[in-house]
1. Which residues, counting only those in segment 46-63, are polar (S, T, N, Q) and either under 20 Å from residue 101 (Cα atoms) or in contact with a His (Cβ under 6 Å, 6 or more places away or on another chain) (or both)?
2. If I ask for residues that are assigned to a loop (DSSP other than H, G, I, E, B) and farther than 12 Å from residue 106 by Cβ, which ones from segment 58-75 would you list?
3. Answer yes or no as to whether residue 100 is out of contact with any helix residue (DSSP H, G or I) (no Cβ under 9 Å at 6 or more places or on another chain), under 25 Å from residue 133 (Cα atoms) and at pLDDT 80 or above.
4. Does any residue in segment 117-143 that is exposed (fewer than 15 other Cβ atoms within 10 Å of the Cβ) and among the acidic types (Asp, Glu) come within less than 9 Å, Cβ to Cβ, of a residue that is assigned to a loop (DSSP other than H, G, I, E, B) and modelled with pLDDT of 80 or more six or more places away or on a different chain, and which pairs are these?
Amino acid sequence: MKNKAQSAMEYLMTYGWAILIVIVVVAALYSMGVFSGGGGGVPCSPCFSTFAYIDHDANTIILTSGSRTIRNIEASTFTLRTDSGEWMTPNATIGNITHPINAGTKIHMNKTAGIADGEVVTITYIVTDSGMSKIDSATLHTP
């Protein structure tokens, strides 16, 4: 009888620890947001990689600069050719800012000609720390 009881206890202890480990792993995955489904965030529209889009109208785009100090910002609008998929020449320059812009600064860029629906806004800038030129772009839709 003693061997059966010991065997039963070993069985319960082994599977008890295995179940405890599974519970801990599931709790860790849950705390990391693996089971959140990904639908809770606000989608960006338009999505720039370096700049945070705030708002725009037909003549002004308002962005916030990213995490680095940048300079020589030039924004232009382009229209994508649908037949070949190549970029056309710039439609217009929105703005050109030559002085350094600190991280997190709100940037207002004005365009004299209105922004057409489906135009791509391309922003070229230089990262002050490295001196490297970068390009960021997104498609704007008129409100």
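1. 49, 50, 60
2. Listed by number, the residues that qualify are 58, 59, 66, 67, 68, 69.
3. It is true that residue 100 is out of contact with any helix residue (DSSP H, G or I) (no Cβ under 9 Å at 6 or more places or on another chain), under 25 Å from residue 133 (Cα atoms) and at pLDDT 80 or above.
4. 129/68; 129/69
The values are calculated or read from the model by the stated rules, or taken from the named source; none is laboratory data. Note that the structure is predicted; figures quoted are calculated from it, not measured. Neighbour counts are summed over all protein chains in view; Cβ atoms, including those assigned to glycine, are modelled from backbone coordinates with ideal geometry.
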